[in-house]
1. Give, in nm to one decimal, the length gained when the segment between residue 188 and residue 322 is fully stretched (0.36 nm per residue of separation minus the Cα-Cα distance).
2. Mind giving me the nanometre distance, one decimal, between the label points for residue 222 and residue 141, set 7 Å out from Cα along Cα→Cβ?
3. Give me the one-decimal nm value for the distance between modelled label points at residue 251 and residue 53, 7 Å along each residue's Cα-to-Cβ direction.
4. In nm, to one decimal, how far is the residue 196 label point from the residue 31 one, both placed 7 Å along Cα→Cβ?
5. So for each of 13-22, 137-146, 33-42 I average, over its residues, the number of other beta carbons within 10 Å; can you give me the resulting order with the highest mean first?
6. Work out, step by step, the length gained on full extension between residue 151 and residue 179: first 0.36 nm times the residue separation, then minus their alpha carbon distance; give nm to one decimal.
7. Going highest first, how would you order 261-274, 206-219 by mean Cβ packing within 10 Å?
């Protein structure tokens, strides 16, 4: 067994939701000395009956909804966007631009007018140099990912089953390599959350991610809920387009509404727990020698989902913008926790 893992640039939305649920319990004194929930009924009122399970109408107690996570640079949002690589030698880049030209009669006849008599061209795009995702700052400037994320190197090793979670694995060894990144100074993650009146959170230190990275959570009130905090000048991409500000859970037929889609996918799967039966999973899975039938790892969906990655550009076919938006807005369960957020570029 050989595998390669690379840390994500953003925390998963379910990670943020889980962190908020935990902090609400912690800051409202719902744990005993062993971090076991004292009163399950009170806990369910505060954080809901369980973690995100994709079901319609699921609620999370005092958490009404959360917005998509975004990067902050000096308290200004930063978002990813595909850029064209102009010169391979010096890696010069500029924002992607779409150009729609009237197709010559011969080509239009070849397509049987299925392409509404036009040709789509990505200005300055070359297959050899390709596209490069960069970030757009507060005044529309391009920011290279290397200025935001520090490369922490990798870890190489041989993995053997050590926990109940690995019990299904054979005893064979496996080579692995894990590559880490972390935010550079002056950058931070941010997101908006809408809580019930009376529910409060205070600044605190929090742990997130597989490696339990330490973050300082700073909480401040917002004048109004801003689940899509796009305050920067909108990038000009040459044609009407949907710009994903978060990852998006959609059906594959979304592409039937697109003239061009500049996108990649990211896998999604989350741990699922029930408030009434939750164990302290943060302590980690128990070694095989300590395993008992009453201590089992949290459940996970049998299969992973593939989401459209934040920063994607979806250019609708003529007259199909509304249908494209419906593909994104119809999944209310994912939208409630910050997925499927977008804006329309002119």
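Each reported figure results from applying straightforward, stated rules to the coordinates on display, with no laboratory input. None of the values given here were measured: they were computed from a predicted structure. All Cβ positions, glycine included, derive from the backbone under ideal geometry; neighbour counts span all protein chains shown.
1. 44.9 nm
2. The answer from the label model is 2.6 nm.
3. Placing both labels 7 Å beyond Cα along the Cβ direction yields 2.4 nm.
4. Between residue 196 and residue 31, the simple spin-label model gives 2.2 nm.
5. Descending mean neighbour count gives 13-22, 137-146, 33-42.
6. 9.3 nm
7. Numbers: 261-274: 15.8, 206-219: 12.6.
Ranked by mean Cβ neighbours within 10 Å, highest first: 261-274, 206-219.
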